[in-house]
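Accompanying notes for the structure given below.
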Amino acid sequence: MEEQHIASSFDRDLENIQARIMKMGGLVEEAIVQATTSLEMRDEELAEHVRKADRAIDALESDINEHAARLIALHAPTAIDLRVILSVIKVSANLERIGDYAKNMAKRTSVLSQMPPVSDSAGSIRRMARQAGDMLNDALDAYIRRDVQLAAEVIARDEDLDQMYNALFREFLTFMLEEPRNITACMHLHFIAKNIERMGDLCTAMAEQVIYLVTGEHPDDSRPKADTTSLAVQP
């Protein structure tokens, strides 16, 4: 009877942590949308809101890690349960990093709003951000549902995001060569695009965690990266 009580207590605590993961994921998804909107609308007030809201994402990660450590200390979980707890820690870390990239987008938006727009760059960034946001949404769904197939689809879609980044990178190079006055704005836009590309990498890492969680095996790491700009200046 006591063992059942301990088991049910562990399950409740684990569900509570995973609910926090979903709350954190919702905040991160909102940050991506708002950071992208602030860039497109040149809305400095919204950009500042994104920067301040990142504190709540950071606080949730700390809270999740604290609860996960307590679970391990109190319940001495089995190998399978330990794998679940460790996956929670890794997923929350990935979400926190994605939130940081959204915050970085907002920071650069405040600078870009003082400069003339560069062609339809904001629209191109929006399309990239939408792709990353969709990947994040599906990675979270795959995690909650333990859906290996959906997780594999998220991993496959990262190549599309890389291709979008490559195309945008080439556009920015062209803009800078054609008009030197665009150089500063294009560099900021490039760093924003790179941040979004890295969001895709983190969504991929979350999807890989789902596969490991369900199967106990890490996915084949042979998938080639489609980002061909690795020699470019990094943010």
Query raised in the report: How many of the residues in the range 113-130 are of a type outside the set (Gly, Ala, Ser) and open to solvent by less than 40 Å² (accessible area, probe 1.4 Å)?
Result: 3
Query raised in the report: Does Glu40 meet the test of being modelled with pLDDT under 95, in contact with a helix residue (DSSP H, G or I) (Cβ under 8 Å, 6 or more places away or on another chain) and not polar (S, T, N, Q)?
Result: yes
Query - Meets criteria (in a helix (DSSP H, G or I) and open to solvent by 80 Å² or more (accessible area, probe 1.4 Å)) for Val33 - result: yes
Query - Only one of Met199, Met115 that is of a type in the set (A, V, I, L, M) and not in a helix (DSSP H, G or I) - result: Met115
Report task. Return yes when Ala79 is touching a helix residue (DSSP H, G or I) at 6+ places or on another chain (Cβ under 8 Å), among the small types (Gly, Ala, Ser) and loosely packed, with under 15 Cβ neighbours inside 10 Å and no when it is not. Result -> no
Query - Residue check, Asn166 surrounded by 14 or more Cβ atoms within 10 Å (Cβ to Cβ) and either in contact with a helix residue (DSSP H, G or I) (Cβ under 7 Å, 6 or more places away or on another chain) or without any contact (Cβ under 8 Å) to a residue 40 or more places away in the chain (or both) - result: no
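The values are calculated or read from the model by the stated rules, or taken from the named source; none is laboratory data. As the structure is a computational prediction, the values presented were derived from the model and not from experiment. Please note: Cβ atoms are built from the backbone with ideal geometry, for glycine as well, and neighbour counts cover all protein chains shown. Areas reflect the complete protein model, heavy atoms only, side chains present, ligands, DNA and RNA absent. Shrake-Rupley method; radii C 1.70, N 1.55, O 1.52, S 1.80 Å.
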